[in-house]
Amino acid sequence: AGAGAGADGWVRAAVAELRARREELSGRIREEEAERGRLQGRLWALTQRLARTSESLARNLAARGELDRTIAETEAAYGKILESSQILLDVLKGEIGNAGK
């Protein structure tokens, strides 16, 4: 009977140890689940910021492209105006020179 009682006590102690380990593990699981929830919230917020930033960047890139085209067209038109003005000036100088003869 003594051996049976000793074995019973040992089994009870072993089960108690396993239960304690399980409870400790459950605590870690709860902490990790909470941390995962916090990280998912931050990930969601960062994903939203990334989407907004990407949209804004696309709009700004398009606007800059339009400005680049406008600047290039304006500079080209201005160059043509300068060229035409120089031609006109040369023609007028020629006419003035011819009128004096």
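Remarks
- Overall, the ratio between the Cα radius of gyration of region 1-59 and 2.2 N^0.38 Å, rounded to two decimals, is 2.44.
- Scattering curve values for the chain, log₁₀ I(q)/I(0), Debye with Cα scatterers, q = 0.14, 0.18, 0.19 Å⁻¹: -0.86, -0.98, -1.01
- Taking the charge dipole of region 1-84 about its Cα centre, with +1 at Lys and Arg Cβ atoms and -1 at Asp and Glu Cβ atoms, the residue from Leu50, Gly4, Leu82 reaching farthest to the positive side is Gly4.
- The phi-based Karplus calculation (6.51 cos²θ - 1.76 cosθ + 1.60; θ = phi - 60°) puts the 3J(HN,Hα) values of region 38-44 at 4, 5, 5, x, 5, 4, 4 Hz, whole numbers, x for Gly and Pro.
- Residues in region 46-53 carry Karplus couplings, in order, of 5, 5, 5, 4, 4, 5, 5, 5 Hz; the curve used is 6.51 cos²θ - 1.76 cosθ + 1.60 with θ = phi - 60°, and Gly or Pro positions show x.
- Gain upon complete extension [Trp10, Trp44; 0.36 nm per residue less C-alpha separation]: 7.2 nm
- Residues Glu55 and Glu83, FRET efficiency given R0 of 35 Å [Cβ-Cβ distance, rounded to 0.05]: 0.25
- Apportionment of accessible area to carbon and sulfur, the chain, percent (1.4 Å): 61
The values are calculated or read from the model by the stated rules, or taken from the named source; none is laboratory data. Quantities reported herein were computed from a predicted structural model and do not represent experimental measurements. Backbone-built Cβ (ideal geometry, glycine too); neighbour counts: all protein chains shown. Surface accessibility is based on the protein's heavy atoms, side chains included, excluding ligands, DNA and RNA. Shrake-Rupley method; radii C 1.70, N 1.55, O 1.52, S 1.80 Å.
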